[in-house]
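Below is one structure, written out as structure tokens, with a few remarks after it.
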Amino acid sequence: LRRMLLQIMVILVSLSLVLCLTAFFYLNYAVLDGEWKHALAFAVVVLVASIPLAIEIVTTTTLAMGSGTLSKSGAIVT
């Protein structure tokens with residue numbers, strides 16, 4: 001499970017990096033006319049906000065809640 005979550009995180013971070021670079025170049029050349037500081041600030045904020053740091057915590061919590069629900073129904077949970 002941990003390896004699968006790591007693979008998902010790598011895919012999401014690389015996709016986020018590509019989208020942030022695209023937004024940086026678009027903002028820098030098309031919208032802000034070379035004001036690279038504002039475009040870089042926006043791209044960094046979006047990149048930091050999109051990194052899924054809590055994916056392992058959310059998955060563990062969800063699995064624990066599901067195990068609790070299953071055990072209340074009489075299932076054997078290990």
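The values are calculated or read from the model by the stated rules, or taken from the named source; none is laboratory data. All values derive from a computational prediction rather than experimental measurement. Cβ: placed from backbone, ideal geometry, glycine included. Neighbour counts: every protein chain shown. These area figures cover heavy atoms from the full protein model, side chains too; ligands, DNA and RNA do not enter into them. Shrake-Rupley method; radii C 1.70, N 1.55, O 1.52, S 1.80 Å.
Data table
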item	result
Residues that are of a type in the set (A, V, I, L, M, F, W, C), surrounded by 12 or more Cβ atoms within 10 Å (Cβ to Cβ) and at pLDDT below 85, drawn from region 37-53	ILE51
Considering residues of region 11-22 that are at pLDDT 90 or above and of a type in the set (A, V, I, L, M, F, W, C) only, the residue least open to solvent (accessible area, probe 1.4 Å)	CYS20
Qualifying residue in region 54-70 (condition: among the acidic types (Asp, Glu), outside any helix (DSSP H, G or I), at pLDDT below 90 and surrounded by 11 or more Cβ atoms within 10 Å (Cβ to Cβ))	no
Residue check, THR78 open to solvent by 70 Å² or more (accessible area, probe 1.4 Å), part of a helix (DSSP H, G or I) and either touching a strand residue (DSSP E or B) at 6+ places or on another chain (Cβ under 8 Å) or without any contact (Cβ under 8 Å) to a residue 24 or more places away in the chain (or both)	no
